[in-house]
Amino acid sequence: MTALKNMDIETHNFDPSILREYDIRGIVGETLNDEDALTLGKAFGTKIIQNGGSHVCIAYDGRLSSPSFAENLAAGLQSTGCNVENLGLGPTPMLYFAVKDRKTDGGIMITGSHNPSSYNGFKMMLQKKSVFGDDIQELGRIAASGDFAQGNGAIKTEDIQAAYVDRLMRDFSEGHDLTIVWDNGNGATGNILKHLVEKLPGTHHLLYGDIDGNFPNHHPDPTVDKNLGDLKRTVLEKEADLGVAFDGDGDRIGVVDEQGNIIRCDLLLTLYAKEILEKAPQSKIIADVKCSKILFEEIEKMKGVPVMCQTGHSLVKNKMIETSSPLAGELSGHIFFNDIYYGFDDALYCAIRLLNIVNKSDKKVSDYFAHLPKMVSTPEIRVDIEEEKKFPAIEGIKKNLKEENDNSFEMNDLDGVRVTTNEGWWLLRASNTQNCLVSRVEAETQKGLENLQSMVEKTLEEVDIKFSFSNQE
């Protein structure tokens, strides 16, 4: 891409499809380009200046377009009078850490997260709150008006990798040595992960540690089971205690046990919640609408207060602030510790907290979950749909279900629709990051699962979406 950092932009209209609920994200060269990066810097910098601030950190992931976006983003910020610290290549939680640790006024991470390599985007934060919803729409309005702050900010490059690794290690507790397989998936966590495992005791096997925005080995999305195939196989080959995977920008975790079985992140949350609630009973533990009913029931059994929340990392972080919750998580692997950490989603830190639990006893990882009821469930299933049709489709589904309800099911419309019957529950919601609907189904029996899946398929058919669970991998 051609650098536009010296271009004087008076007004600019973002493609409306990239202004998402909790980030900005689009297809590079189609809906997202350098001019967008430059303008975002101007708009975000304007808000920082209006709020009385001037200090912003930026960082970027390993996608091919990220360095150019960083250059233009920084130039836009500087043009408003903001002083910029460019932290360079690294995972999203490294940027979050820098904003908190250095007490800057805001931060922007350039990342396409778990989207295909053709995507990129921007995650934004302020010192004390997330940037999402109308905050992102407001940036679009500032850009369209051209009412940018004017100034001449400075820029400097800072390397905080060592400080970040030291902070991760600060909360590590020694125990017996473990053998761990780590799958970086060629994502932005690679360099930090290499430094971290050098400091950790035990035996470590690192898969795809090199950062490569083409993701040549497998896509870095641990919610898709096939992406964990190499991790599962290596755990078994190395007779490891567990395996840990990261998404493309390091804010989501995936875990497999010593038998190569995937530990869904809602069940992983039960383990973290037990540790938290033993120290602080009656704490509110937040989980998103995609999570198993087992999690919510376990939190109650452990003397906690379960809170169901909309999906979305920014929405969850905001809910944590509202409720003073020490722990929150999503099925997708965003997990947030707000007890002795900062309350943001950091997969590396989640791994540290998991190691602390596992290395304290002779239990196998699978043993920690053996007491939980055995449900039959799907992972997150994505139903492809055109961007402009996904939210209307959900509204149509809500309308139809309300009309059809004969008291044979309960419907929760907190985020999409979550339908509960005497056999289990299912969910349909519009993704805020991809052109799809997201579904999940959980039942007490295989027959119940099949019945609920048929109900989902029929519900989709009523809004002209043809979909079959049998065609999913």
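The values are calculated or read from the model by the stated rules, or taken from the named source; none is laboratory data. Keep in mind that what you see is a predicted model, and the values were worked out from it rather than measured. Because the Cβ atoms are built from the backbone with ideal geometry, glycine has one as well, and the counts that use them run over all protein chains shown. Side chains are part of the model used for accessible areas, which takes the heavy atoms of the whole protein and leaves out ligands, DNA and RNA. Shrake-Rupley method; radii C 1.70, N 1.55, O 1.52, S 1.80 Å.
Key figures for this structure:
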quantity	calculated
Criterion (surrounded by 17 or more Cβ atoms within 10 Å (Cβ to Cβ) and modelled with pLDDT of 95 or more) met by exactly one of A287, A370	A287
Condition met for N152 (open to solvent by 50 Å² or more (accessible area, probe 1.4 Å), under 24 Å from A98 (Cβ atoms) and assigned to a loop (DSSP other than H, G, I, E, B))	yes
Residue that is surrounded by the fewest Cβ atoms within 10 Å (Cβ to Cβ), among those in the range 202-252 that are among the acidic types (D, E) and part of a loop (DSSP other than H, G, I, E, B)	E239
Which listed residue is more than 19 Å from the chain's Cα centre (by Cα) and over 28 Å from G53 (Cα atoms), from A149, A154, A188, A240	A240
Selection from the range 290-321 of residues that are surrounded by fewer than 22 Cβ atoms within 10 Å (Cβ to Cβ) and either touching a Leu at 6+ places or on another chain (Cβ under 6 Å) or not hydrophobic (A, V, I, L, M, F, W, C) (or both)	K293, I294, E297, E300, K301, M302, K303, P306, Q310, N318, K319
Count - residues of the range 363-403 that are part of a loop (DSSP other than H, G, I, E, B) and touching a residue at least 12 places away in the same chain (Cβ under 8 Å)	9
Selected residue (only one of S130, S118 is open to solvent by 10 Å² or more (accessible area, probe 1.4 Å), farther than 19 Å from Q434 by Cα and among the hydroxyl-bearing types (S, T, Y))	S130
A144 being surrounded by fewer than 18 Cβ atoms within 10 Å (Cβ to Cβ), farther than 23 Å from H205 by Cα, out of contact with any Cys (no Cβ under 9 Å at 6 or more places or on another chain) and modelled with pLDDT of 95 or more	yes
Filtered residues of the range 422-456 (kept if under 21 Å from L372 (Cβ atoms) and either loosely packed, with under 14 Cβ neighbours inside 10 Å or touching a helix residue (DSSP H, G or I) at 6+ places or on another chain (Cβ under 8 Å) (or both))	N422, E423, G424, W425, W426, V441, E442, A443, T445, Q446, K447
